[in-house]
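Presented below is the structure to which this report refers.
The values are calculated or read from the model by the stated rules, or taken from the named source; none is laboratory data. Predicted, not measured: the structure shown is a model, and the values here were computed from it. Positions of Cβ are generated from backbone atoms using ideal geometry, with glycine treated the same way; all protein chains shown enter the neighbour counts. Accessible surface is based on the protein model in full, side chains and every heavy atom, while ligands, DNA and RNA are left aside. Shrake-Rupley method; radii C 1.70, N 1.55, O 1.52, S 1.80 Å.
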Amino acid sequence: MQEIERNSYIEAIKMAAGSVQYKNLSVKTTMIKAAEQLYWYYEKLKDMRYLETAMLHMQAYLEMGFAYDEGAEVFERILEGLGTTREIQFPDKFYASKKIKLNKSRVRSMLRRWPASSRQGMKIGEVVEDIITKVRTKETGIFGYECAATGDFYELVVGEEETFFHDIRSGIFYTFED
């Protein structure tokens with residue numbers, strides 16, 4: 001599989017998995033369950049393509065910032081079935097869950113250019129404060145932030161099981177630590 005094709009599959013998986021948040025379902029749990037289901041198909045049908053697809057789901061899961069350990073039981077079986085290891089496929093330096101400290105400078109770093117403009121719904125400082133407040137108070141919901149000047153769109157998801165920030169344009173996901 002070519003790298004461009006592989007990346008396209010991974011982005012499609014992230015987009016599809018991310019859609020469950022709109023029905024207040026856990027993205028993290030859904031992705032782990034999807035990997036489990038693909039492993040189940042592999043066991044029943046003995047078709048390696050299910051394991052290969054499960055590994056794409058694992059990579060998407062890790063790229064979204066979720067911790068390997070939470071799905072380790074099924075992930076280890078998948079990797080074993082493929083004859084590989086976590087260290088080879090997902091080195092920590094590339095897939096360690098990057099958490100953003102919940103302070104103004106770190107939250108600001110998640111947002112790209114946000115020039116002052118009369119078209120902006122919120123100033124950059126207001127966006128940063130809003131994100132920090134919603135995460136700290138665990139205000140459940142999906143909140144959108146759009147930079148009118150650049151067209152960049154960001155999404156903050158605060159759920160019962162997980163909280164993350166998604167830069168829609170670049171496809172980057174962030175999680176938070178207090």
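Some notes on this structure:
- Protein heavy-atom surface of the chain, 1.4 angstrom probe: 51% of the accessible area is carbon and sulfur, with nucleic acids and ligands not counted.
- Sorting 51-58, 132-139 by their mean Cβ neighbour count within 10 Å, with the most densely packed peptide first, gives 51-58, 132-139.
- When the alpha carbon coordinates of segment 3-95 are projected onto the principal axes, the ranges are 35, 33, 27 Å, largest first.
- The slack in the chain from MET48 to THR137, taken as 0.36 nm per residue of separation less the alpha-carbon distance, amounts to 27.6 nm.
- Ordering ALA67, SER8, THR84 by Cα displacement along the dipole of segment 3-95 toward the positive end leaves SER8 in first place; charges were set at the Cβ atoms of Lys, Arg (+1) and Asp, Glu (-1).
- In segment 1-112, Cα pairs under 8 Å separated by at least six residues give a relative contact order of 23 percent.
- Net charge, THR84 excluded, C-beta distance under 13 Å - Lys, Arg +1, Asp, Glu -1: -2
- Contour minus Cα-Cα distance for TYR9 and GLU126 (0.36 nm per residue): 38.6 nm
- Structure-derived Rg/Rh (Cα atoms, Kirkwood Rh) - corresponding label in (i) 1.29; (ii) 0.97; (iii) 1.02: (iii)
- For segment 99-176, diffusion coefficient by Stokes-Einstein and Kirkwood Rh (Cα), 20 °C, 1.002 mPa s, µm²/s: 170 µm²/s
- Residues with amide H under 5 Å from that of ARG169, placed H, sequence gap 5 or more: PHE153
- Helix 48-63 vs. the chain, principal-axis angle (Cα, 0 to 90°, nearest 10): 20 degrees
- Highest mean first, the peptides 14-20, 102-108 sorted by other C-beta atoms within 10 Å per residue fall in the order 14-20, 102-108.
- Segment THR84-ILE172, length gained on full extension (0.36 nm per residue, minus Cα span): 29.0 nm
- When the trypsin sites (Lys or Arg not before Pro) in segment 21-79 are filtered for DSSP coil states and for at most 16 other beta-carbon atoms within 10 Å of their beta-carbon, the remaining sites are LYS46.
- Pairwise Lys count, the chain - Cα closer than 17 Å, eight or more residues apart or different chains: 15
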